[in-house]
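Taking it in order: structure first as structure tokens, then the write-up.
The values are calculated or read from the model by the stated rules, or taken from the named source; none is laboratory data. None of these values were measured; they are calculated from a predicted model. A quick note on method: Cβ atoms are made from the backbone with ideal geometry, for glycine too, and the neighbour counts reach across all protein chains shown. The protein model used for the area step is the full one, side chains on, heavy atoms only, and it has no ligands, DNA or RNA in it. Shrake-Rupley method; radii C 1.70, N 1.55, O 1.52, S 1.80 Å.
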Amino acid sequence: MPTSNAAAPVKKKVLGAKSQKATNKRKEEEDDNGDYSWEEKLQGKLNKPADQLELTDAELKEEITRILTAKNPHAPQNIVRYSFKEGAFKLTSAVDQMAVHFVLDGCLIHQDSDEARRLAAHKDLAEESLAVDSGPEEEKTDILDAPRDGGEEEEAGEDDRADSVASKTNNQEPKCTNQFNYIQRASQTLNNALRDRSCQTAPPPRRNYSAAASQWDIYDAYVEEMHKQEMKKEKQKPRKDGDKNQKKSDDQHKMTTAIKVLERMVNQNTCHEIAQDFKYFEDAADEFREQEGTLLPLWKFTYEKAKVMCVTALCWNDNYPDLFAVGLGSYEFSKQGRGMLLFYTLKNSTFPEYVFPTPSGVLCLDIHQQHTHLVAVGFYDGCVGVYNLKNKGLDPEYKSTSNTGKHTDPVWQVCWQKDDLDNNHSFYSVSSDGRVVSWTLIQNELIFSDAIRLMLTGPVSEGPDGVGEVTTAGGTCMDFHRQTDSLFLVGTEEGKIHKCSRSYSSQYLHTFHAHNTAVDTVKWNPFHPKVFISCSSDWTVKVWDHTVSTPMFTFELKASVGDVSWAPYSSTVFAAVTIEGLVHVFDLSINKYQAICQQPVVARNKSKLTHLEFNPIHPIIIVGDNRGCVISLKLSPNLRKKPKCKKGQELPEGPEVEVAKMEKLLSLLRDPEQSTH
């Protein structure tokens, strides 16, 4: 009886607590299910300030648009950095605009990782040890804490509750946290990427220094350094005379190569903007022009010792598209003297790569297509020579003399041909003495043979004894056919063009009455096998079909034409230069009547343009004047425009397309009644 009476107050206390909690819960449900709204509920609780702005319904419903930008308004705008280039602190615009609102370092690890396995193993060992240590105490606790006199149900119900202290103690598990930075573990988190990294240091001490160093100073410095190194090596180890000479030659070659590389680097840094225009600039104004194009001036190649000479020949190297040869001499009989053969590269416009002084003026030259180290040159005194760029000497490796069939008049054109059956190199030359000569390089000699002798066509003049006298015609230019090796054209001083063949040395295949004055240039089209072009000092440029006696196109340029050349990328594009300093570019597929570009290149009253040549790969041309200067120009997109194709169709390319484009123009001009040859 005493025991049961002592337990009764405990039961009432527990039941009273439960009934109080149930009453509070019902009150909360009644408040949530009330008939008044949330706004009405808050009206009694909110205290409205006295100075609050009163807004109308229209103002309250007005939509206010705010635009979010990526620029941080709190980012500093007055950050300065030290500029080593200008030697002063400059305001920088590189400001970090990123604002991080929340950063949370994770503590999760992958369950299949090695660290997770180690933690799981450690957890199992801890649980086993805990169970072994606490076994007797649990039994003892169960005996002591057994319910008494009807209190078993209440105690059991209290222990089963999820929020009881006993359940929390029994269900608590140790956390498996990562003790290292989560960046070193595999996790699916995104780190903020840094756009750039920078560091600020104190500016180093600076002072201005300037000095003038010419090429000779650089050369002397390298020579002096080379001698010092040689003296040190000679003191350390004696060498034989042959080894010393070989070592000296190798050192000189290394020094020359180093100087050349250094000179090109300095020149490209100086002309950095021009080099960028040459590679990447395209005239955007062509998009607003229908047909016209422009020429962008690039480099100007001059040599101090060649300013009094005239550019008489230009030729590109096929293997090295940045290298070209320049022939210098004079076209005036009273100003004949020495000449010069120069080689320039686009990588260095300040000084030529090779310089070959000649005793007579150079009038023509041609670089071999396969063996580009061989250069054939024709001189004003009638000699022809072959220079070998691999040799170190300044004299030609082969040269004609009076005993080996040299011309008696100036040589106006030389052209390389394919090797003969014995693999000997050969080239042709034409001169004012009326001879077209074939030259063959055999060992150390030039062997000549007359291919054809030019004679005047028409009535034969009578000599003093009444005997007919055949007059020789002076040759001025020539060009061989691209596909038929035996076919070639020869222009004369009388303005006629003769179509000849190496198989017939006594007569012409046909004669074209082309111009009123001497023919300056005649060239076959690089694509179409029937078309060639000619120009003369009679102000005209004519396009011919060699099967038709009359020209297909005639263009009058209002000045003496110095040279004309076909473009290597299109069968209908050609360019010409005049003595007035103008460059004319034509595209027959766009305009058959006038040039699509007429641009002055030099001063009209000071210089006269003499020659031009297209680069075989790059979209540039070079033009030479009568003052020894060569100017390179870049063609704008309109001057090398390709025909547009319809959507979904591929534009055909290749020589066949260019032949068809030219043939389409010629078919509109050919007369079926004209005689063919």
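Scan the range 537-563 residue by residue and report those that are of a type in the set (A, V, I, L, M, F, W, C) and either outside any strand (DSSP E or B) or without any contact (Cβ under 8 Å) to a residue 24 or more places away in the chain (or both).
W539, M552, L557, A559
Restricting to helices (runs of 4 or more DSSP H) lying wholly in the range 162-280: which have 1 or more residues that are modelled with pLDDT of 75 or more and open to solvent by 100 Å² or more (accessible area, probe 1.4 Å)?
It comes to 215-236, 241-270, 272-280.
Please identify the pairs in which a residue from the range 260-289 that is within 14 Å of K634 (Cα to Cα) has its Cβ atom under 9 Å from the Cβ atom of a residue that is in a helix (DSSP H, G or I) and open to solvent by 80 Å² or more (accessible area, probe 1.4 Å), counting only partners at least 6 apart or on another chain.
These pairs meet every condition: A275/Q268.
Condition check ((1) at pLDDT below 90; (2) more than 21 Å from T408 (Cβ to Cβ); (3) loosely packed, with under 14 Cβ neighbours inside 10 Å) across all residues:
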position	(1), (2), (3)
W439	no, no, no
R453	yes, no, no
G475	no, no, no
D485	yes, yes, yes
R502	yes, yes, no
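Of everything in the range 83-96, what is open to solvent by less than 100 Å² (accessible area, probe 1.4 Å) and either of a type in the set (V, I, T) or at pLDDT below 80 (or both)? Give them in sequence order.
T92, A94, V95
Look through the range 578-615, keep the residues that are under 29 Å from the mean Cα position of the chain (by Cα) and closer than 16 Å to G628 by Cα, and return whichever of them is surrounded by the fewest Cβ atoms within 10 Å (Cβ to Cβ).
Ranking the candidates gives V601 first.
Do we find that D283 is under 24 Å from P321 (Cα atoms), at pLDDT 80 or above and either open to solvent by less than 100 Å² (accessible area, probe 1.4 Å) or within 39 Å of the chain's Cα centre (by Cα) (or both) in this structure?
Considered against the rule, which asks whether it is under 24 Å from P321 (Cα atoms), at pLDDT 80 or above and either open to solvent by less than 100 Å² (accessible area, probe 1.4 Å) or within 39 Å of the chain's Cα centre (by Cα) (or both), D283 comes out as yes.
Looking only at the range 105-119, how many residues end up being at pLDDT below 80 and open to solvent by 100 Å² or more (accessible area, probe 1.4 Å)?
Total meeting the criteria: 2.
In the range 398-435, how many residues are under 38 Å from the mean Cα position of the chain (by Cα), over 16 Å from A313 (Cβ atoms) and touching a residue at least 24 places away in the same chain (Cβ under 8 Å)?
The qualifying residues number 3.
Give me the pairs: first residue in the range 72-87 and within 17 Å of C199 (Cα to Cα), second residue in a strand (DSSP E or B) and acidic (D, E), beta-carbon distance under 8 Å, and six or more apart or on different chains, which are they?
From the range 72-87, no pairs qualify.
Can you tell which of S534, S570 is outside any strand (DSSP E or B), crowded, with 17+ Cβ neighbours inside 10 Å, of a type outside the set (F, W, Y) and in contact with an Asp or Glu (Cβ under 9 Å, 6 or more places away or on another chain)?
Going through S534, S570 in turn, just one is outside any strand (DSSP E or B), crowded, with 17+ Cβ neighbours inside 10 Å, of a type outside the set (F, W, Y) and in contact with an Asp or Glu (Cβ under 9 Å, 6 or more places away or on another chain): S570.
Residues of the range 394-436 being open to solvent by less than 60 Å² (accessible area, probe 1.4 Å), under 19 Å from V519 (Cα atoms) and part of a strand (DSSP E or B), which ones?
V411, Q413, V414, C415, Y428, S429, V430, S431, R435, V436 - these are the residues of the range 394-436 that are open to solvent by less than 60 Å² (accessible area, probe 1.4 Å), under 19 Å from V519 (Cα atoms) and part of a strand (DSSP E or B).
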